[in-house]
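See below for the structure under consideration.
The values are calculated or read from the model by the stated rules, or taken from the named source; none is laboratory data. It should be emphasised that the depicted structure is a prediction, and the values quoted were computed from it without experimental measurement. Cβ coordinates were reconstructed from backbone atoms using ideal geometry, including for glycine residues, and neighbour counts include every protein chain displayed. Quick note on the areas: whole protein, heavy atoms, side chains included, nothing else; ligands and nucleic acids left out. Shrake-Rupley method; radii C 1.70, N 1.55, O 1.52, S 1.80 Å.
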Amino acid sequence: MTVTGPQSTPRRRAPRADAVLNRESIIEAASQVLAEQGTAVDVREIARRSGVGMGTLYRHFPKKEDLVRTVLHNDFSKWAESARRAASDAEDPWAALADFYQQALTGYARHCAIMENFALTWSEPDLEGIRQLRLVIEELRAHASALLRPGVTTDDLLLLLVSLGHAVQFTDACRPQMWQRLLRISLDGLRTDHREPLPAATSPDAGIQPSDSHTLAARSRPSQSG
């Protein structure tokens, strides 16, 4: 009787060094172009800046949406991690909260694609960047709880960031300092000396729902004609 050993599974070959380099170049170029021009950018511009041909780009990212998703995931995660580090380094809890909003919205204003898609990420609960951002805001809220008006929740602070982000989108080109005024007004309204009861949430235990994100996104997008 012949005894055969377990069949070995074929090993998946590691990507060639030039393929890895091409992918990194595409992602880096796409990050720059998406920040400058938003998601409507022509992928030919991304290929040109990355120094690869269209065939190479499509081998790595068969659909434009795949590339946009990869770049936004990377950039959003970096943004959230940067905010987390800045918050953890701050000693004054209120200054940490204010600096977080300032840093987040400044970065938001400089990245067109994040500006366009930030509200839409609410419909993707598995997005790592959103989870990181929620943890940052929860930590900030906990540290500043004695300075916040009663009843302020993490969802309140997170939705405030989305709302101010839309203000950045609408005003940054023509009135670049307007969102700074709105941020100051909003932060003042969060302080504990404003003790009037807040309106009850529609669903206190559910937090922000995906349907809310679609409503926000629909209201924020300009109508298209033609």
- With a 1.4 Å probe and every protein chain left in place, tell me how much accessible area residue 164 has, in Å² to the nearest 10. 10
- Task: Take 108, 58 and sort them by solvent-accessible surface of the protein heavy atoms, 1.4 Å probe, largest at the top.
- Result: 58, 108
- State the extension gain, in nm to one decimal, for the chain segment bounded by residue 44 and residue 17, taking 0.36 nm per residue of separation less the distance between their alpha-carbons. 7.4 nm
- Item | Extension gain from residue 81 to residue 28, taking 0.36 nm per residue of separation minus the Cα-Cα distance | 17.2 nm
- Message: How far apart, in nanometres, would the label points at residue 177 and residue 194 be if each is projected 7 angstrom from Cα along the Cα-to-Cβ direction?
- Response: 2.2
